Amino acid sequence: MEIKAYTDGSCRPNPGTGAWAIVLISEEEILYEATESVENTTNNRMETIAIHEALKAASKYKKLTYLEIHSDSKVALYTISGSWTPKKNKDLIKEAISAAISLEEKGIGIIFSHVKGHSGNKWNEYVDNLANKTAGMQLEKNKTIKSKSECSSCNDKGWIWRDGAVNGRGYANPCDKCNVWILARVPNKRLTH
């Protein structure tokens, strides 16, 4: 059995809330897909976890003879395949390499292949959307980002949590001191949806 695995990672902002996603296909049919969100992470870490998860998922197919892993992350691909020396995420890379070696010892051929991101590749776009959606849902769920703001009523200068109603400029929150609603400006537009 030949399997193609497409992997992707996402992080908003980077570093921040991230997610990885994988899809395993055979003869253009989905065999398996998975995604998971992770807090306090980086995009490269999510890309690396995605490849590792694809290796683990593929190992469960008893009739597997060949595995082709596609990723749009050269950093993750080249460090796991041994072409580049890792500078970060060495723990994950070591686990992924171990999973790949385990499959190769069973006689399974593995190819790591780079696919250009956002180039119209159906399956790369599929996992990209899945990872971004998962990271976005987790970000919306958490909304535990705080910012320094000054209340116009009591002039209290303290941290306020951005967990109120989203609008085009920021999040509305009550002041912790006087309970008057104030607006927390969002310095990074990527946080507003």
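The values are calculated or read from the model by the stated rules, or taken from the named source; none is laboratory data. The shown structure was predicted, so the numbers you read here are calculated from the model rather than taken from an experiment. All Cβ positions, glycine included, derive from the backbone under ideal geometry; neighbour counts span all protein chains shown. Surface areas here come from the heavy atoms of the whole protein model, side chains and all, with no ligands, DNA or RNA. Shrake-Rupley method; radii C 1.70, N 1.55, O 1.52, S 1.80 Å.
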When restricted to GLU39, GLU68, GLU104, the only residue outside any helix (DSSP H, G or I), charged (D, E, K, R) and more than 16 Å from GLY9 (Cβ to Cβ) is GLU68
Counted residues in segment 108-155 being more than 18 Å from the chain's Cα centre (by Cα) and modelled with pLDDT under 80 come to 12
If we ask which residues in segment 1-24 are open to solvent by 30 Å² or more (accessible area, probe 1.4 Å), in contact with a strand residue (DSSP E or B) (Cβ under 8 Å, 6 or more places away or on another chain) and touching a residue at least 60 places away in the same chain (Cβ under 8 Å), their number turns out to be 4
Scanning segment 25-54 for residues that are surrounded by fewer than 24 Cβ atoms within 10 Å (Cβ to Cβ) and aliphatic (A, V, I, L, M) gives ILE25, ILE30, LEU31, ALA34, VAL38
message: Can you find a residue that is over 26 Å from THR17 (Cβ atoms), touching a residue at least 24 places away in the same chain (Cβ under 8 Å) and part of a helix (DSSP H, G or I) anywhere in segment 110-131?
response: no
Selection over segment 97-142 where residues are open to solvent by 40 Å² or more (accessible area, probe 1.4 Å) and either touching an Asp or Glu at 6+ places or on another chain (Cβ under 8 Å) or of a type outside the set (A, V, I, L, M) (or both) yields a count of 23
Scanning segment 72-88 for residues that are within 25 Å of TYR126 (Cα to Cα) and open to solvent by less than 80 Å² (accessible area, probe 1.4 Å) gives ASP72, SER73, VAL75, ALA76, LEU77, TYR78, THR79, ILE80, SER81
Scanning segment 35-55 residue by residue, the ones that are at pLDDT below 95 and of a type in the set (A, V, I, L, M) total 1
All-but-one check, ALA96 against (1) outside any strand (DSSP E or B); (2) at pLDDT below 95, failing number (2)
